[in-house]
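The values are calculated or read from the model by the stated rules, or taken from the named source; none is laboratory data. Keep in mind that what you see is a predicted model, and the values were worked out from it rather than measured. As a convention, Cβ positions derive from the backbone with ideal geometry for all residues, glycine included, and neighbour counts pool all protein chains shown.
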Ligand SMILES: [Zn+2]
């Protein structure tokens, strides 16, 4: 079976353990928004029975790859069933409208709220059990144990975030990644460097000037940049405004053995860095 990103791969492996044969398409540090698969990736997909993906438009490469590769792979969008949040159009938090029709692209970064990863675990547990009923009990036990860790992570994040004064819970990032995290833990996405829904777009000089103004007037102390993106523009904005540049892992994990080489470690690393920068 195949997982698209290292984060998806880590969660699948927590549940499948030694009983599954898993290939992860993206290497640590690769940007899923702009990933271009190789012929070797097509061969891996063609051989797979199941492909676990985030879905919600994160892996733009995947549907063309599946068409090109052929094979009988079943694509499992882990984000299916999770209420998606729209990308926020401006710099201010968009008020939530209950029951309104969703317009425009939705935010795929659901995993930055551990509760959504708990939802993933049920889908993974069920899919693996259908594929290999002989190991279904083991998958269920693994999933239950991992869900307990995710619950503990969520509680730990709440305790950590409590040390940041509410008026300083403002996130400026290079692309819009923290919608679900902000919603869960009481932050506001105060600004974003790259416009649009992926990491591919570039801001205008006017957009940069407006963001710098927001950072200055709100006294924002840090700009958070993901490990998968070249921080050249963020560095310039940090220099212009005096904000600190802080690197986080949001779309990918670190190399194995690194500071964020699992989903749980990634979340702890990010939260520690955010708390240290903002409190
Ligand atoms: Zn992203």
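Looking across 253, 194, one residue alone is within 15 Å of the ligand (Cβ to nearest atom), at pLDDT below 95 and either in a loop (DSSP other than H, G, I, E, B) or surrounded by 16 or more Cβ atoms within 10 Å (Cβ to Cβ) (or both). It is 194.
Sub-6 Å Cβ pairs linking a first residue in the stretch 216-232 that is closer than 28 Å to residue 35 by Cβ to a second residue that is assigned to a helix (DSSP H, G or I) and away from the ligand (no atom under 16 Å from the Cβ), at least 6 apart or interchain, are 222/277; 223/238, ordered by first then second residue. Within the stretch 31-56, the set of residues being within 16 Å of the ligand (Cβ to nearest atom) and either closer than 23 Å to residue 126 by Cβ or outside any loop (DSSP other than H, G, I, E, B) (or both) comprises 53, 54, 55, 56.
Being within 16 Å of the ligand (Cβ to nearest atom) and in contact with a strand residue (DSSP E or B) (Cβ under 6 Å, 6 or more places away or on another chain) is not true of residue 200. Taking the stretch 221-243 as the range and being within 16 Å of the ligand (Cβ to nearest atom), assigned to a helix (DSSP H, G or I) and surrounded by 21 or more Cβ atoms within 10 Å (Cβ to Cβ) as the test, only 234 passes.
Listed here are the residues, each with its yes/no results for (1) out of contact with any helix residue (DSSP H, G or I) (no Cβ under 6 Å at 6 or more places or on another chain); (2) without any contact (Cβ under 8 Å) to a residue 40 or more places away in the chain; (3) outside any loop (DSSP other than H, G, I, E, B).
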position	(1), (2), (3)
13	yes, yes, yes
29	yes, no, no
66	yes, yes, yes
72	yes, yes, no
88	yes, no, no
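Taking the criterion of being assigned to a loop (DSSP other than H, G, I, E, B) and either within 16 Å of the ligand (Cβ to nearest atom) or under 15 Å from residue 174 (Cβ atoms) (or both), the residues of the stretch 203-220 that qualify are 203, 220.
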